[in-house]
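What follows is a single structure, written as structure tokens, with notes after it.
Since every read-out is calculated from the coordinates, none of them should be taken as a lab result. Nothing here was measured: the structure is a model prediction, and the numbers come from that model. Ideal geometry is used to build each Cβ from the backbone, glycine not excepted, and the neighbour counts take in all protein chains shown.
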Amino acid sequence: MTIPLPEHVPAATESPAERVSTPVDGVDVLGAISPSRAGDFMACPLMYRFRTIDRLPEPPSPDAVRGTVVHKVLEDLFDAPAADRTPERARDMLVPAWEGLLEAEPGLAEMFGAEGPDLAAWLASCRTVLDRYFDLEDPRRLEPAERELYVEALLDSRLLLRGFVDRVDVAPDGRIRVVDYKSGRSPTEGFEAKALFQMRFYALVIWRLRGVVPSVLQLIYLGNGEILRYEPDEDDLRATERKVEAVWRAIRLAQESGDWRPSPSRLCDWCSFHQFCPTKGGTIPPLPEPEPPAADASVDESSD
């Protein structure tokens, strides 16, 4: 059977995860969650509701689009022969990557102009970020096993974990390194655990899938040229599993009670939903009417 669609997800919505998700036969799956959506709920239950249940539109930002384009270049760079994986090659790939994204989403062009950054300056900032990558790694010496890998694993609790991993490196002796690119700056002291939650989530999924605990989780921050590494163990990943299941139970409780309370923090500065948030003087919209589940639909809990 296919994964049942929860009531709050519109049946017409299709994400990249839905297109590659595998059926979970013979299991009555509770639901599915990605590290992004789990992180949203932990940061602010009301933001989770706006983004996942109401599906309110969020205007793209130059920073977010920069991250998308840079990720695409770094993914495709490894298609080139090792000797050709140079800063010059990456710079040459930048404009085609941007044009490909613009073809898929023409509205992104509206970010630039009189009220936004200049396109040429923005592309130059993308080149700066890409150049910084080569200060941190030499891609000529790397042969990733996987890039933009979709992963999913079903826990014993019948909760499905899913997401996309930027890169997986596998050593000759079988050791696994999970790598994620971040176009922003590394977290300040005290925020590393939050940054690593996503990586522990991916490590948990890979452990459940392959029976191997990844040796290294590596976050590459291209905004300021730093690398954050962590070596997980089974105890770490069991704790992560318990945390994810607790987040899911809290999400279901909020859905049943209708209590999606805001959680004000410094992250509010980057939130797109101020007009709907009571802490910012906004008005919470009514919940959308649920749609009936589709027999062949998958759960959309999109990731980064």
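Remarks
- In percent, rounded to a whole number, the relative contact order of region 62-141 is 44, using alpha-carbon pairs under 8 Å and six or more apart.
- For the pair LEU149 and ALA250, a Förster radius of 22 Å applied to the C-beta separation gives a FRET efficiency near 0.20, rounded to the nearest 0.05.
- Note on region 155-187 and region 228-284: Cα centroid distance 21 Å, given to the nearest whole angstrom.
- Inter-label distance, nm, simple model (7 Å from Cα along the C-beta direction), VAL212/ARG89: 2.5 nm
- Rounded to whole Hz, the Karplus (6.51, -1.76, 1.60) HN-Hα couplings of region 232-242, x for glycine and proline: x, 9, 4, 4, 4, 6, 5, 5, 5, 4, 5
- Computed E for ARG140/LEU119 - FRET, C-beta separation, R0 35 angstrom, nearest 0.05: 0.70
- Amide proton proximity set for GLU146, modelled H, under 5 Å, gap of 5+: VAL168
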